[in-house]
Each structure stands twice: as C-alpha cells, then as structure tokens.
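So the structure is just underneath, and the comments pick up after that.
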Amino acid sequence: MVNAALVSMTGFAARRGQGAGYAWAWEIRSVNGKGLDLRLRLPDWIEGLEPAARTAVAKVAARGNVTLSLKLQREEGADALRVNPAGLDAALSALLLVKARAHAQGLAVTDPGMADILGLRGVTDLGGETEDSKPLLDAILADLDPLLADFAGMRVAEGSALASVIAGQIDRIAALTEEARAAADARRPEMEATLNANLTRVLAGTADADPQRVAQELALIIVKADVSEEIDRLAAHVGAARALLAEPGAVGRKFDFLMQEFMREANTLCSKSGNAALTRIGLDLKTVIDQMREQVQNVE
C-alpha cells in the first residue's frame, strides 16, 4: 500500500501581495536535511514578523533545510520617505569615524553616495523606527498562510511520486530476497557434497583425528555458510518497509534506519554466499537498496 500522505522535503512556492502602502514577494523553498533547519530572510524592522513566520513554517514542515524570504517595496503613491535627523547625524558621524580610522591605517575609502546614505538603517522612517508596522504585519501574515499551503501541497505531491518509486523498489527487493532463498536451497546439495568430500579427505589423511572435534568444526563451517537468517531478516525488513510506506506522518528517519539494516543483511549475504548465483543476487540487492536509500533521503 502506498502512503498517500508521504511528504518530500523538496518544495517551492512563491506569492505576491500588497497592502498597508507596500507591495511584497514571498518565496519559500526547501531541500532535504537531517532536521528542520529554517533560514529566514525577512525585514528586521517589522516587529513580530520573524517569530510568527517561524511558528507558521514549523506547522507545515517537520524536516528539511527551509529558506523563507520576503522582499518589500513601497507602492507608488505611498507616503514619501521622511529623513530622521537624529538617525542621519548618527550615520554621518559613523561614516566620518570609519573614514578617519581607515585613513590612519593608510587605506583609501571612497565617500558613499547620497542614495547609499539614505539606505542606511535609521536614516529614514523606512527602517521602521517611526512607522507603525502593525498594519503591515497583519497584511503580510494574512498572505503567508496561502503561501505555506502551496508549499505543503507541493511537498505532498513530490511525496506521492516518491512513494510510488519506493514501493517499486521494495517490490524489487522482495523479489530478489525470494530469488536468494531459492538459490540458497538449490546450492544445499552441492554444499553437502563438498563438505562430505572434504570431511572424507581429512579423516582419511589423519588416522588419529578426534571425530567429535571434526564434527564441531564441520558444524561451524555449516553455520558460517548458512544464509537463511539473513534471507529471513531481509524478508522481515521488506514487511517493515511496506508498513512504513502506509504509516501517516514523518517517517523519513525510520526509513533511513531501515535502509542501514537492509544493507547490513545484503553485505552479509554476499560475504557468506560461496556461490556465483547467490553472489549475483546479493549484488543486485545492494544496488537496489542503495538506489532506495537515495530516494529515502528526500522523505520527511
């Protein structure tokens, strides 16, 4: 059963809006990550925007490297910029100090242009020091919810595609596991004949050999060559993977751990195979498991 709610950590959404004398552009994108790493690129003068945005994003994303950005621009016809005299004096003093210190160190510093000075924080009321940002905050946050809905929808759509791919890979692992079981059963007579021939040669060449010790060594060889436990565990992991695929919520971490278990059994199967057909199946298993692990890395 494919998990219709499987979520990918890859997503993107963008939205434009306007209100309170401003026009803005939201953008959010995400890629896979071990946890939730949220990076906000927001105007810092709008009080309350960052914590509200952080809380809202955390409700729709449990894992992933997520970047949320907002670009603001005053609309035409909005109030003209007002120079803050105190802020301008502070900025000019700071610039003079920087120029003097640089000159003392033998560095040449170019004087900034008027547009550069006006863009400094605190020089105009665009920085928010004299402007009530509450109406703008409300307008911007009202536009954030539909942005996040689009973002979450894309991650779910990507997750659905991922689920189909992973389901096919699980089926392939299940088929290879049964092939391994059949190959292991087919090699059993050959193994027994080889062991009996080796045992006969050992006993014939060593008259004083301890039959009990020989039997113990023979049993140890048989155990080391037996791959039934590895095959049974692979089959159990297939069942666990299918159960995870049908489980709602964030299952990426569980899938990641299960992939390690899959690979461990496939490696052991290859090391114990002693048979060309079984080795080939083991290598095919490792290939599919590695491909599936790459897909799982994108699951939330």
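Taken together, the values in this text are just the output of simple stated rules run on the coordinates, not laboratory data. Since this is a predicted model, take the numbers as computed values, not measurements. Cβ: placed from backbone, ideal geometry, glycine included. Neighbour counts: every protein chain shown.
The table that follows gives values for the structure above.
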{"read-out": "Residue order, fewest to most surrounding Cβ atoms within 10 angstrom, among R293, R155", "value": "R293, R155"}
{"read-out": "Under Karplus coefficients 6.51, -1.76 and 1.60, residue-wise ³J(HN,Hα) of the stretch 240-245 in Hz, glycine/proline x", "value": "5, 5, 5, 5, 5, 5"}
{"read-out": "Packing-based exposure ordering (other Cβ within 10 Å, fewest first) of W26, W45", "value": "W45, W26"}
{"read-out": "Fully extended contour minus Cα-Cα distance, from A182 to L283, at 0.36 nm per residue", "value": "34.8 nm"}
{"read-out": "Least to most buried among L278, L137 (fewest other Cβ within 10 Å first)", "value": "L137, L278"}
{"read-out": "Cross-link table K59/K134; K71/K254; K34/K286; K99/K134; K34/K272, entries beyond 31 Å C-alpha to C-alpha", "value": "K71/K254; K99/K134; K34/K272"}
